[in-house]
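Undergrad: Below is the structure I would like to discuss, written out as structure tokens.
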Amino acid sequence: MNMFSLEGKVALVTGASYGIGFAIAKALAKAGATICFCDLKQEFIDRGLAGYEAEGIKAHGYICNVCDEDAVNAMVQQIEAEVGVIDILVNNAGIIKRIPMCEMSAAEFRQVIDVDLNAPFICAKAVIPSMIKKGHGKIINICSMMSELGRETVSAYAAAKGGLKMLTKNICSEYGHLNIQCNGIGPGYIATPQTAPLREIQPDGSRHPFDQFIIAKTPAERWGEADDLGGPAVFLASDASNFVNGHILYVDGGILAYIGKQP
Ligand code: NAP
Ligand code: GCO
């Protein structure tokens, strides 16, 4: 079982003060990794540090906008000086804007692409050189059902996550010979602040129509929990996946395999 151990490894998880990033970082820590994470504001860093401490994890928090290449490079250099070379990068930070495409401004579209696609490029580019020097590296990009499927109002997000799937395959192609594995995790519908609007209880006390839709589309008949992603992340961050590369591991309760329950 040592192949799943992350003892001695340094992990950077972006946008990991809460939500999926926090759950993944928690799992990586419990497998032995030293956790570094970033967020946009000190208040969220402090919230994250308190959350990790409550789990018995001594994490390292950094204020960093992952869209800012200079800030990302400075953060990576600071981590290398203070903690050590980054062995595992989880590109988790992300946003979504649910706006019908013809009502979405180009600026709003670009903002989603910037965080969900450009930033993973920037972060991967920042950590790969030291991974090459060290002789190994693991990059995990948090993709989505929208890396495979579209739906109304999420055009920018789907374009970004589809691109992130292909960036994952390209990093695999370009750096696999240097013992760098780049894979994706495609979460299904997970109960986090990002999806809270889709689960709001209606004025009449009924479940949100989209909530009911997802339950009918999911063989597991439930929304995922952020902790459901921890095990898959440990697998892709560990030696257990050294011959897995360019793969998107969907953790979706079976949504992508299922036509959906008859209404
Ligand atoms: P979330 O609750 O909205 O958390 C997103 C995190 O990213 C927050 O900590 C946020 O920080 C941070 N962030 C956003 N923009 C940033 C930036 N420019 N620089 C640094 N940090 C930034 O989202 P989530 O549900 O945990 O999702 C995490 C990832 O999983 C995202 O990539 C999302 O697309 C993906 N995903 C989510 C689901 C789902 O159902 N929830 C399913 C599939 C994929 P602030 O709080 O400071 O904004
Ligand atoms: C939406 C949801 C999804 C999830 C996730 C599904 O509006 O459809 O936010 O996009 O966040 O990406 O995998």
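Undergrad: Taking segment 175-187, which residues are on the phi < 0 side of the Ramachandran plot, in contact with a strand residue (DSSP E or B) (Cβ under 9 Å, 6 or more places away or on another chain) and of a type outside the set (A, V, I, L, M)?
TA: Those that are on the phi < 0 side of the Ramachandran plot, in contact with a strand residue (DSSP E or B) (Cβ under 9 Å, 6 or more places away or on another chain) and of a type outside the set (A, V, I, L, M): Tyr175, Gly176, Gln181, Cys182, Asn183, Gly184, Gly186, Pro187.
Undergrad: Hey, another quick one. Which of (1) of a type outside the set (Phe, Trp, Tyr); (2) in contact with an Asp or Glu (Cβ under 8 Å, 6 or more places away or on another chain); (3) assigned to a loop (DSSP other than H, G, I, E, B); (4) surrounded by fewer than 24 Cβ atoms within 10 Å (Cβ to Cβ) is the odd one out, the single condition Met3 does not satisfy?
TA: Unmet condition: (3).
Undergrad: Still on this model: Given the residues Met166, Met146, Met131, which is the only one that is more than 24 Å from Gly19 (Cβ to Cβ) and without any contact (Cβ under 8 Å) to a residue 24 or more places away in the chain?
TA: Met166
Undergrad: What number of residues within segment 213-231 satisfy the criterion of being within 14 Å of ligand 1 (Cβ to nearest atom), of a type outside the set (Gly, Ala, Ser), open to solvent by 30 Å² or more (accessible area, probe 1.4 Å) and not in a helix (DSSP H, G or I)?
TA: So the count comes out to 2.
Undergrad: With segment 64-154 as the region, which helices (runs of 4 or more DSSP H) entirely inside it contain at least 3 residues that are open to solvent by 50 Å² or more (accessible area, probe 1.4 Å) and under 22 Å from Asp46 (Cα atoms)?
TA: Where helices (runs of 4 or more DSSP H) fall fully within segment 64-154 and carry at least 3 residues being open to solvent by 50 Å² or more (accessible area, probe 1.4 Å) and under 22 Å from Asp46 (Cα atoms), they are 69-82.
Undergrad: Among the candidates Ile24, Ile35, Ile20, which residue alone is surrounded by 23 or more Cβ atoms within 10 Å (Cβ to Cβ), β-branched (Val, Ile, Thr) and not in a helix (DSSP H, G or I)?
TA: Residue meeting the stated conditions: Ile35.
Undergrad: Considering segment 141-158 alone, what residues qualify as being in contact with a helix residue (DSSP H, G or I) (Cβ under 7 Å, 6 or more places away or on another chain) and among the aliphatic types (A, V, I, L, M)?
TA: Within segment 141-158, Ile142, Met145, Met146, Val154, Ala156, Ala158 qualify.
Undergrad: Let me ask you something else. With the requirement that a residue be surrounded by fewer than 16 Cβ atoms within 10 Å (Cβ to Cβ), among the hydrophobic types (A, V, I, L, M, F, W, C) and within 16 Å of ligand 1 (Cβ to nearest atom), what does segment 167-212 give you?
TA: Those that are surrounded by fewer than 16 Cβ atoms within 10 Å (Cβ to Cβ), among the hydrophobic types (A, V, I, L, M, F, W, C) and within 16 Å of ligand 1 (Cβ to nearest atom): Ala196, Phe210.
Undergrad: A further question on this structure: Scanning for something under 16 Å from the mean Cα position of the chain (by Cα) and not aliphatic (A, V, I, L, M), does segment 122-129 turn up at least one residue?
TA: Taking every residue of segment 122-129 in turn, at least one turns out to be under 16 Å from the mean Cα position of the chain (by Cα) and not aliphatic (A, V, I, L, M).
Undergrad: Which of (1) over 28 Å from Ala240 (Cβ atoms); (2) away from ligand 1 (no atom under 13 Å from the Cβ) is the odd one out, the single condition Ile86 does not satisfy?
TA: Failing condition for Ile86: (1).
Undergrad: In segment 166-220, which residue that is within 11 Å of ligand 2 (Cβ to nearest atom) and among the small types (Gly, Ala, Ser) is nearest to Ala233 (Cα to Cα)?
TA: Gly186
Undergrad: Select from segment 232-263 the residues that are in a loop (DSSP other than H, G, I, E, B) and of a type in the set (Gly, Ala, Ser) and write down the one among them that is most open to solvent (accessible area, probe 1.4 Å).
TA: Gly253
Undergrad: Can Cys36 be described as closer than 17 Å to Ile20 by Cα, within 21 Å of the chain's Cα centre (by Cα) and at pLDDT 95 or above?
TA: yes
The values are calculated or read from the model by the stated rules, or taken from the named source; none is laboratory data. The structure displayed is predicted, hence computed values, not measured ones. Reconstructed Cβ throughout: ideal geometry from the backbone, glycine too, with neighbour counts over all protein chains shown. Note: accessible area is taken over every heavy atom of the protein model, side chains too, but ligands, DNA and RNA are not part of it. Shrake-Rupley method; radii C 1.70, N 1.55, O 1.52, S 1.80 Å.
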